[in-house]
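Colleague: This is the structure I want to talk about, given as structure tokens.
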There are 2 protein chains.
Amino acid sequence: MALYVQKFGGTSVGSVERIKAVAEKVKGFRDQGHQIVVVVSAMSGETNRLIEMASQINEEPTPREMDMLVSTGEQVTISLLAMALHQLGVKATSYTGAQIGIRTDSAHTRARIQRIETDELRDDLEEGQVVVVAGFQGVDSEGNITTLGRGGSDTTGVALAAALKADECQIYTDVDGVYTTDPRVCAKARRLESITVEEMLEMASLGSKVLQIRAVEFAGKYNVPLRVLSSFEDGPGTLITADEEISNMEEPLISGIAFNNNEAKLTVLNTPDVPGVASRILGPISDANIEVDMIVQNVAPSGGYTDFTFTVAKNDFRQTQRILQEQVIPSLGGGEVRGDDKIAKVSLVGVGMRSHAGVASRMFRVLADEGINIRMVSTSEIKISVVIDEKFLELAVRSLHTAFGLDKADVSEEDEKTR
Amino acid sequence: MALYVQKFGGTSVGSVERIKAVAEKVKGFRDQGHQIVVVVSAMSGETNRLIEMASQINEEPTPREMDMLVSTGEQVTISLLAMALHQLGVKATSYTGAQIGIRTDSAHTRARIQRIETDELRDDLEEGQVVVVAGFQGVDSEGNITTLGRGGSDTTGVALAAALKADECQIYTDVDGVYTTDPRVCAKARRLESITVEEMLEMASLGSKVLQIRAVEFAGKYNVPLRVLSSFEDGPGTLITADEEISNMEEPLISGIAFNNNEAKLTVLNTPDVPGVASRILGPISDANIEVDMIVQNVAPSGGYTDFTFTVAKNDFRQTQRILQEQVIPSLGGGEVRGDDKIAKVSLVGVGMRSHAGVASRMFRVLADEGINIRMVSTSEIKISVVIDEKFLELAVRSLHTAFGLDKADVSEEDEKTR
């Protein structure tokens, strides 16, 4: 008998029929004797419906009232799911975040969980109840309803699993696991049996939107085994674990390839190489609340001049260019601004990289063989990212996927045809 | 400066535009320096939408989960109204029933208020906040969300007014007050300036659906001045007061005429007049959860036989007839069942009746002059009800309205034409 926390997102509970299907799935686990806590989001579309009404009334509603409003979305789902479980003869009780004792700070619309009271929850589980909890919400010390921000239901699930020392936190979603790369770009992409928390964080922050980063961090911090599964088909999904031994059974050099073509590159050329040049370039960008991702600085061999390159989100491109031209260049006393928004970032991610030299040089060789120029490089302990021309994105991902042995086995390719 | 509790029903907050209009109205009172507590219902249609989803999932949802579900309706309204008040520059805070401390018993879907904690509420009012409270809901001693049953928002308003010793509880609705009778039946019907609680209870239970009976009882018990007003147009509305002196300034014999054509009449004729005959007739009816309204029993002058007549709701007519035929007549050892579902009940209501003899005889004479036969009579201290043929309903109401001096003055009739 195990204790599972199971989280179902908005799409998984998006209609009366889907709520019934979730109840069937939960009943299956109960029938095997497991203890189950279910965390649910608002039915898909509901949160947007509420926000739309608010926007018609007040362009800048206070965060407290927004939380009061949108928290009703999950409350509807928990009661409907409890009813669906009752209909199947499964004992179940629903709780709002406030009722179950998910205590947060008072940062409305982006609150952080401080502690969770588990006594009542444990009593219910001992009685054989399925406990249905509203995700995404909590209560502050004053009794105000708070929300954890969009996608925060994953965090609720992981936090409950940590507090209850659950055997696994299962995140049900519309994909059947974490893939080596996006199957829409590379047909040979393979579902991973497991991946480490660190790798998942790199994959997530680079654009794989399976899980909320915050929930993965939380799972790593509290050592909660996290599993991503499909709500709609059976299968083992992908286990996200802090334990590298479990994750590395397959022993690949790299676990996956993340990519992102939502960034733009900006370069300040031939600017005087004086102390503090980096902060004089990035200061005004940061003041405008623009986030910078990759940063590379080269000093010209002739000395005295430096080139400074960085990337920002594509929709910050024009504004960043303007700030550089109008504020930075005058303040530096010289230099030239170049920009390119037709770029893509491709990253290899894997804890295996730590102990194996040569991943970078192999990556560069594969890209060179395909005639792909590398515009920027940035590395971390378990990741190498390169910026290339956007038009080479698919080619780069597919070549690297094959070269680093991530492709499905032949048998799996047969499967693919019948999918 | 006064303290008002203002309750707005589902129609009054039925759209974003109407919520904005309510905010404007509340702002008007705040600008005059009054302290305001606003109680709101769910937006019209919302509760039915939620119940419909529930019914697709479970034919008999548990009352606890129903309360969890439908209580979201008011929670949406309070947050939207607070946002609308903020937009107008009015300080406001919303509270669910649980947050404001409306403690109830655990009778889900029909809970009764036990006490209300007012400390926080008073603090907010002192700070100049408009306090926006979700009607219809509370919390039991275990922290479960409860609801007071449909229409319970009126009760929330009156209970808050009682707890805060408010100067007035104002119920905003889609009519502009309590009328002498239904204006759709009698064009000369006149809005009452005031009416006593007792009279209002008789009017309400006889079919005037302006206010929930329970809220009126509550107002009487705790001596809360209650005022019914229109959400959509300005005007003084009707004051419902326990104080007969205030109410009787106009000194009419009767205050209003209530009527109802939703009942059916059943008679058991020529049944042996033995002790306990009434309970032997009504016992099986009551066992079937059928409510009986008027009851008349006549003993035949020849002795030994009795006629027993009573009324039930029209949609219980067939079942009641069957019970009488199949169970009661055999058990009585004789008798004959007659039924009539083409009847109407017309009632004169007024505390003035207490001190004036002759209201009944005058009523009977007016009806006789119009050729209307009276089928049944029943009286209480402040009410006389007669049952007549349904087809005479409008004629009876209009004749009595004129005969008892309830018609509008001529000036008002002019008003009527321009309305």
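The values are calculated or read from the model by the stated rules, or taken from the named source; none is laboratory data. No experiment lies behind these values; they were computed from the predicted model shown. Cβ: placed from backbone, ideal geometry, glycine included. Neighbour counts: every protein chain shown.
Colleague: Within region B:45-68, work out how many residues are under 19 Å from B:Thr96 (Cβ atoms), facing chain A (nearest Cβ under 8 Å) and of a type outside the set (Asp, Glu).
Modeller: Qualifying residue count, region B:45-68: 4.
Colleague: Condition (residue is of a type in the set (S, T, N, Q), under 24 Å from A:Asp307 (Cβ atoms) and either touching a helix residue (DSSP H, G or I) at 6+ places or on another chain (Cβ under 6 Å) or surrounded by fewer than 17 Cβ atoms within 10 Å (Cβ to Cβ) (or both)) applied to region A:337-351: is it met by at least one residue?
Modeller: No, region A:337-351 contains no residue that is of a type in the set (S, T, N, Q), under 24 Å from A:Asp307 (Cβ atoms) and either touching a helix residue (DSSP H, G or I) at 6+ places or on another chain (Cβ under 6 Å) or surrounded by fewer than 17 Cβ atoms within 10 Å (Cβ to Cβ) (or both).
Colleague: Here is a list: A:Val26, A:Val90, A:Val13. Which entry is under 15 Å from A:Asp154 (Cα atoms) and among the hydrophobic types (A, V, I, L, M, F, W, C)?
Modeller: On the way: A:Val26 fails: under 15 Å from A:Asp154 (Cα atoms); A:Val90 fails: under 15 Å from A:Asp154 (Cα atoms).
Answer to the selection: A:Val13.
Colleague: Which one of B:Ile78, B:Ile19, B:Ile36 is of a type in the set (A, V, I, L, M), within 11 Å of another protein chain (Cβ to nearest Cβ) and more than 16 Å from B:Thr147 (Cβ to Cβ)?
Modeller: Being of a type in the set (A, V, I, L, M), within 11 Å of another protein chain (Cβ to nearest Cβ) and more than 16 Å from B:Thr147 (Cβ to Cβ) holds for just one of B:Ile78, B:Ile19, B:Ile36, which is B:Ile19.
Colleague: Return the pairs, sorted by first residue and then second, in which the second residue is small (Gly, Ala, Ser), the first residue lies in region B:329-345 and is in contact (Cβ under 8 Å) with a residue 60 or more places away in the chain, the beta carbons are less than 8 Å apart, and the residues are 6+ apart or on different chains.
Modeller: Pairs that qualify, where the first residue is in contact (Cβ under 8 Å) with a residue 60 or more places away in the chain and the partner is small (Gly, Ala, Ser), are B:Ile329/B:Gly335; B:Gly339/B:Ala264; B:Asp340/B:Ala264; B:Asp341/B:Ala264; B:Ile343/B:Ala264; B:Ala344/B:Ala396; B:Lys345/B:Ser385.
Colleague: Quickly run through region A:13-36 and pick out the residues that are in contact with a helix residue (DSSP H, G or I) (Cβ under 6 Å, 6 or more places away or on another chain) and crowded, with 23+ Cβ neighbours inside 10 Å. Give the steps one after another, and end with the answer.
Modeller: Our first condition is that a residue be in contact with a helix residue (DSSP H, G or I) (Cβ under 6 Å, 6 or more places away or on another chain); within region A:13-36, this holds for A:13, A:16, A:19-20, A:23, A:35-36.
If the condition is that a residue be in contact with a helix residue (DSSP H, G or I) (Cβ under 6 Å, 6 or more places away or on another chain) and crowded, with 23+ Cβ neighbours inside 10 Å, then A:Val13, A:Ile19, A:Ala23, A:Ile36 are the ones that fit.
Colleague: Collect the residues in region B:325-336 that are on the phi > 0 side of the Ramachandran plot and surrounded by fewer than 21 Cβ atoms within 10 Å (Cβ to Cβ), keeping them in residue-number order. Give the steps one after another, and end with the answer.
Modeller: As a first pass, look at region B:325-336 and keep what is on the phi > 0 side of the Ramachandran plot: B:333-335.
Passing the criteria: B:Gly333, B:Gly334.
Colleague: Here's something else I'd like to know. Are any of the residues in region B:299-307 surrounded by 15 or more Cβ atoms within 10 Å (Cβ to Cβ) and of a type outside the set (Ser, Thr, Tyr)?
Modeller: Checking region B:299-307: at least one residue is surrounded by 15 or more Cβ atoms within 10 Å (Cβ to Cβ) and of a type outside the set (Ser, Thr, Tyr).
Colleague: Given the conditions (1) free of Cβ contacts under 8 Å to residues at least 12 places away in the same chain; (2) surrounded by 15 or more Cβ atoms within 10 Å (Cβ to Cβ), report the number of the one that A:Ile388 does not fulfil.
Modeller: Here A:Ile388 clears every test but (1).
Colleague: Look at region B:47-57 and say how many of its residues are crowded, with 20+ Cβ neighbours inside 10 Å and more than 20 Å from B:Gly152 (Cβ to Cβ).
Modeller: Of the residues in that region, 1 qualify.
Colleague: Could you please give the count of residues in region B:82-122 that are away from every other protein chain (no Cβ under 12 Å) and either closer than 23 Å to A:Val70 by Cβ or not polar (S, T, N, Q) (or both)?
Modeller: Number of matching residues: 14.
Colleague: Pick out the one residue from B:Thr309, B:Thr418 that is at pLDDT below 95 and either under 25 Å from B:Ala204 (Cα atoms) or in contact with a Ser or Thr (Cβ under 6 Å, 6 or more places away or on another chain) (or both).
Modeller: Just one listed residue meets the conditions, B:Thr309.
Colleague: Checking B:Ile285 against (1) surrounded by fewer than 18 Cβ atoms within 10 Å (Cβ to Cβ); (2) more than 25 Å from B:Thr402 (Cβ to Cβ); (3) aliphatic (A, V, I, L, M): exactly one of these is not met. Which one?
Modeller: Of (1) surrounded by fewer than 18 Cβ atoms within 10 Å (Cβ to Cβ); (2) more than 25 Å from B:Thr402 (Cβ to Cβ); (3) aliphatic (A, V, I, L, M), only one is false for B:Ile285: (1).
Colleague: Considering each of B:Ala2, B:Ala42 in turn, give the residue that is buried (at least 19 other Cβ atoms within 10 Å of the Cβ) and either more than 12 Å from every other protein chain (Cβ to nearest Cβ) or touching a residue at least 40 places away in the same chain (Cβ under 8 Å) (or both).
Modeller: One residue alone meets the criteria, B:Ala42.
Colleague: Residue by residue through region A:134-165, note down the ones that are small (Gly, Ala, Ser), away from every other protein chain (no Cβ under 14 Å), surrounded by fewer than 24 Cβ atoms within 10 Å (Cβ to Cβ) and under 20 Å from A:Met68 (Cβ atoms).
Modeller: Passing the criteria: A:Gly149, A:Gly151.
Colleague: Against the condition in contact with a Phe, Trp or Tyr (Cβ under 7 Å, 6 or more places away or on another chain), surrounded by fewer than 23 Cβ atoms within 10 Å (Cβ to Cβ) and either modelled with pLDDT of 95 or more or assigned by TED's automatic domain parsing to the domain that holds A:Ile145 (or both), how does A:Phe8 come out, does it pass?
Modeller: In short, no.
Colleague: Can you run down the residue pairs with Cβ atoms below 8 Å, 6 or more apart or on separate chains, where the first is in region B:354-370 and more than 15 Å from B:Ser399 (Cβ to Cβ) and the partner is among the charged types (D, E, K, R)?
Modeller: B:Arg354/B:Glu381
Table: residues versus (1) in contact with a helix residue (DSSP H, G or I) (Cβ under 8 Å, 6 or more places away or on another chain); (2) modelled with pLDDT of 95 or more.
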site	(1), (2)
B:Gln99	no, yes
B:Arg103	no, yes
B:Ile113	yes, no
B:Glu117	yes, no
B:Asp123	no, yes
B:Val132	yes, yes
B:Gly138	yes, yes
B:Ser141	no, yes
B:Ile145	yes, yes
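Let's see how each residue does on (1) over 23 Å from B:Leu395 (Cα atoms); (2) buried (at least 19 other Cβ atoms within 10 Å of the Cβ); (3) modelled with pLDDT under 85; (4) not assigned by TED's automatic domain parsing to the domain that holds B:Leu148:
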{"residue": "B:Glu168", "(1), (2), (3), (4)": "yes, no, no, no"}
{"residue": "B:Asp182", "(1), (2), (3), (4)": "no, no, no, yes"}
{"residue": "B:Val185", "(1), (2), (3), (4)": "no, no, no, yes"}
{"residue": "B:Arg190", "(1), (2), (3), (4)": "no, yes, no, yes"}
{"residue": "B:Thr196", "(1), (2), (3), (4)": "yes, yes, no, yes"}
{"residue": "B:Leu201", "(1), (2), (3), (4)": "yes, yes, no, yes"}
{"residue": "B:Ser205", "(1), (2), (3), (4)": "no, no, yes, yes"}
{"residue": "B:Gln212", "(1), (2), (3), (4)": "yes, yes, yes, yes"}
{"residue": "B:Val216", "(1), (2), (3), (4)": "yes, yes, no, yes"}
